[in-house]
1. Among the listed residues 230, 318, which satisfies the condition of being within 27 Å of residue 151 (Cα to Cα) and of a type in the set (A, V, I, L, M, F, W, C)?
2. Got a number for residues in segment 285-302 being touching a strand residue (DSSP E or B) at 6+ places or on another chain (Cβ under 8 Å) and either assigned to a helix (DSSP H, G or I) or free of Cβ contacts under 8 Å to residues at least 12 places away in the same chain (or both)?
3. Of the residues 335, 304, which single one is acidic (Asp, Glu), at pLDDT 95 or above, under 23 Å from the mean Cα position of the chain (by Cα) and over 25 Å from residue 201 (Cα atoms)?
4. For residues that are small (Gly, Ala, Ser) and modelled with pLDDT under 95, tally how many sit in segment 284-301.
5. I'm trying to understand the selection: among the residues of segment 221-254, which are surrounded by 22 or more Cβ atoms within 10 Å (Cβ to Cβ), among the polar types (S, T, N, Q) and over 22 Å from residue 268 (Cβ atoms)?
6. Can you name every residue in segment 310-335 that is in a helix (DSSP H, G or I), closer than 15 Å to residue 275 by Cα and in contact with a Leu (Cβ under 8 Å, 6 or more places away or on another chain)?
7. Scanning for something of a type in the set (A, V, I, L, M), under 24 Å from residue 294 (Cβ atoms) and either more than 17 Å from the chain's Cα centre (by Cα) or not in a loop (DSSP other than H, G, I, E, B) (or both), does segment 129-152 turn up at least one residue?
8. Given segment 1-96, what strands (runs of 3 or more DSSP E) lie entirely inside it while holding 3 or more residues that are of a type outside the set (A, V, I, L, M, F, W, C), under 30 Å from residue 234 (Cβ atoms) and modelled with pLDDT of 95 or more?
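The values are calculated or read from the model by the stated rules, or taken from the named source; none is laboratory data. Keep in mind it's a predicted model, so treat the numbers as computed, not measured. So basically every Cβ, Gly included, is an ideal-geometry build from the backbone, and we count neighbours across all protein chains shown.
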Amino acid sequence: MIVATCCIAILGFIAYNKPPLYHSQSYVFGTLVDISIYGEPEDRAKYLSNEIIQDFQHLHHQLHAWKPASGNQISEIGTLNLAFASQRKPLNISPLMVEILQDATKLSKKSHGLFNPTIGHLIGTWGFQADEFAATSIDNQKIAALIKANPTMDDIVIANNTAYSTNSSVKLDLGGYAKGYALDRAVRYLRKQHVKHALINIGGNIIALGQHGDKPWRVGIQHPRKPSAIATLDLLDGWAIGTSGDYQRYFMLDGKRYCHIIDPRTGYPVDHTQAVTVLIPPQAPHHSQAGVLSDVASKPIFIEPAENKSKIADAMGIKYLMVINQSSQVFVTQEMQNKLTWLNQDFKKRAHVQPTTQH
């Protein structure tokens, strides 16, 4: 069983037996990482894959919200969170952390605060800062106090490669950002190495480089309640895809499912949606890139109720979108419908195609 940190799941369909395709698997970011490189000699593809995995492991250690990086040494995020809690003087941070925090702040504003990496205390209160999840007692008073404290990315002040928080309740958790950021780094690295064709999958967040032989890379969208795909689509060069779902990181209590996706306005897990899948085309330079958006953008859409999902999707710039609600009804934009090949006829029959969005 694969446990993915962002609660998303997409299955890659790849013909591994057709050379020259090199395929490797590792476990990073608390999930399975698949790297497929096509058209390179095996030794070179192996070297490049190992370089990517080492970078992923470094990022994982640097950005881990609740575990030491190694031994007794805490991660950079952990060090920041300790400083934020005590509201000490500004703390020196790495250029990478400056870049991430600035980008995450922009995305949080774009999402109207529904993507909120500062609610680490809430995530921990629900028991989701752990390798395994079990039913936890619900502390309504503590949740209410955390909501009243109202931590946001605007509480973090960044200047001259330092950071501090004006709100001691801020606790960073970049679990809904780090995998996408890692995807973008991997693609940039491979392009610099003049690799033409690759597919990188971090626990279901997937990005494509080139294609697989004479055909595009093909991926599948997972059934939210069964270990099978409901549809497939071709993932073109530079495109990324990601799903937020209630079916991997969750626990059951008194017959009710509590998933890891928490509404920062209420402090409680979302219970009206099973899955949201977003497909992201290549982005303009100097903006959040496709990998990051595949990780981030699905969360605000998941959190908003049905009547607001299209509005927040538009705010996030998402045109290719599929939503499966708690009643297993499917809502898909026309742009996404045009990309899909349905495998599950029941879902196809239940799909409501939304009008083309205008931006």
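1. On the way: 230 fails: within 27 Å of residue 151 (Cα to Cα).
Every option except 318 fails the conditions.
2. Going through segment 285-302 one residue at a time, the tally reaches 9.
3. Numbers: 335 fails: over 25 Å from residue 201 (Cα atoms).
After ruling out the rest, the residue left standing is 304.
4. So in segment 284-301, the residues small (Gly, Ala, Ser) come out as 284, 288, 290-291, 294, 297-298.
Keeping just the survivors that are modelled with pLDDT under 95 gives 284, 288.
Residues that pass the stated criteria total 2.
5. The answer is 222, and nothing else.
6. Step one: of segment 310-335, the residues in a helix (DSSP H, G or I) are 310-315, 334-335.
In the following step, the residues that additionally are closer than 15 Å to residue 275 by Cα were identified as 310, 313.
Of everything in segment 310-335, just one residue is in a helix (DSSP H, G or I), closer than 15 Å to residue 275 by Cα and in contact with a Leu (Cβ under 8 Å, 6 or more places away or on another chain), namely 313.
7. From segment 129-152, those of a type in the set (A, V, I, L, M) are 130, 134-135, 138, 143-147, 149; that's our starting set.
Remaining after also requiring under 24 Å from residue 294 (Cβ atoms): none.
No, segment 129-152 contains no residue that is of a type in the set (A, V, I, L, M), under 24 Å from residue 294 (Cβ atoms) and either more than 17 Å from the chain's Cα centre (by Cα) or not in a loop (DSSP other than H, G, I, E, B) (or both).
8. On the way: elements: 10-13, 21-28, 31-38, 68-70.
In segment 1-96, the matching strands (runs of 3 or more DSSP E) lie at 21-28, 31-38.
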